[in-house]
Amino acid sequence: MPTYLSLFIIGFTAAALPGAVQTTVFSATLRGKIMSGIKVALGAACMNGTYFFLSYYGITEIITHYTIAKLIIGAVGFLYILWLGVGGLKDTIKKRETAKTKKSAGFFSGILLVALHIPTLIYFLSIAGSFYQEKTSLFFVFFSAISLAIGTVSCFMIISLLAIISNKYGKDKAVYYLQIVSALLLIIFSFKLLFDLIKII
C-alpha cells in the first residue's frame, strides 16, 4: 500500500508541474469544452501509466537507447505541441472555434502529448527503475501503473475545476487573456522540448 500511495503522489506532483498537458487541459476547459479537458487529462494519465508499465519490460529503455528514435519522437512532439499552441492562439484572437481545434482537444490528444515528449519518457523510466525489483509480479506492475495514472488524472481534474471557476466567475477580458497566455505557454513548451532535443545531439 505505501508503494501505491507513493506512486499516486508521484503521478499527482508530476502533473502539477507546468507543462504542455497541464496547459492543454486548462485551455480546453477554459474555452467551455469541459469534456475536452477531461478527455485530454484521461489520455495523458493513461499514457503516463502505460509508460511506467512498459518501463518494467525494458520497452521504453530501447527507445531511449537510440538517439535517432528520441529525435524523431521528440521532433514530432515539438511540431504537435506547437500546432496546438498556434491553433489555440489563432482561435482565441478570432474568437471562434474551428473543426481542427475541436479534434485536437481529446483523449488521443492527451496520449500524444505524453507519448511524444521524450523527457517524460525518461522521467518515468527512472521512476520505474527505482520501484521495480527483479521478482516484481505482473500484478504489482499493473496496479503500480494504475496508481500513478490515478494520481495524474486527479491533479488534472483540479486544474479543470480551476478553469471552470475562472470561466464562470472571471470577467470576459480576464478569461480572454488567460486563453492567450495558455496558448503562448504551449508554444513556449514546444520550443523547450526542441531545446531538450538539441542537447541530445
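Beyond 20 Å in Cα-Cα separation lie the following of the pairs 90/199; 70/90; 39/90; 33/94; 94/173: 90/199; 70/90; 39/90.
Applied to the stretch 68-75, the Karplus parametrisation 6.51 cos²θ - 1.76 cosθ + 1.60 on θ = phi - 60° returns per-residue 3J(HN,Hα) values of 4, 5, 5, 5, 5, 4, x, 5 Hz, with x for Gly and Pro.
Using 0.36 nm per residue and subtracting the Cα-Cα separation, the extra length available between residue 62 and residue 93 on full extension is 6.9 nm.
Compute the Cα gyration tensor for the stretch 2-200, then decide on rounded, prolate or oblate, letting a ≥ b ≥ c be the square roots of its eigenvalues: rounded whenever a/c is under 1.5, prolate when a/b is larger than b/c in the other cases, and oblate in all that remain. Let's see the in-between values first.
Working: a/c = 2.54, a/b = 1.53, b/c = 1.66.
Because a/c hits 1.5 or more and a/b fails to exceed b/c, the stretch 2-200 counts as oblate.
Rounded to the nearest 0.05, the FRET efficiency derived from the C-beta distance between residue 161 and residue 71 at R0 = 35 Å is 0.40.
Readers should treat all values here as calculations from the given coordinates under stated rules, not as data from a laboratory. The structure presented is a predicted model; accordingly, all values stated were derived computationally and were not measured. Reconstructed Cβ throughout: ideal geometry from the backbone, glycine too, with neighbour counts over all protein chains shown.
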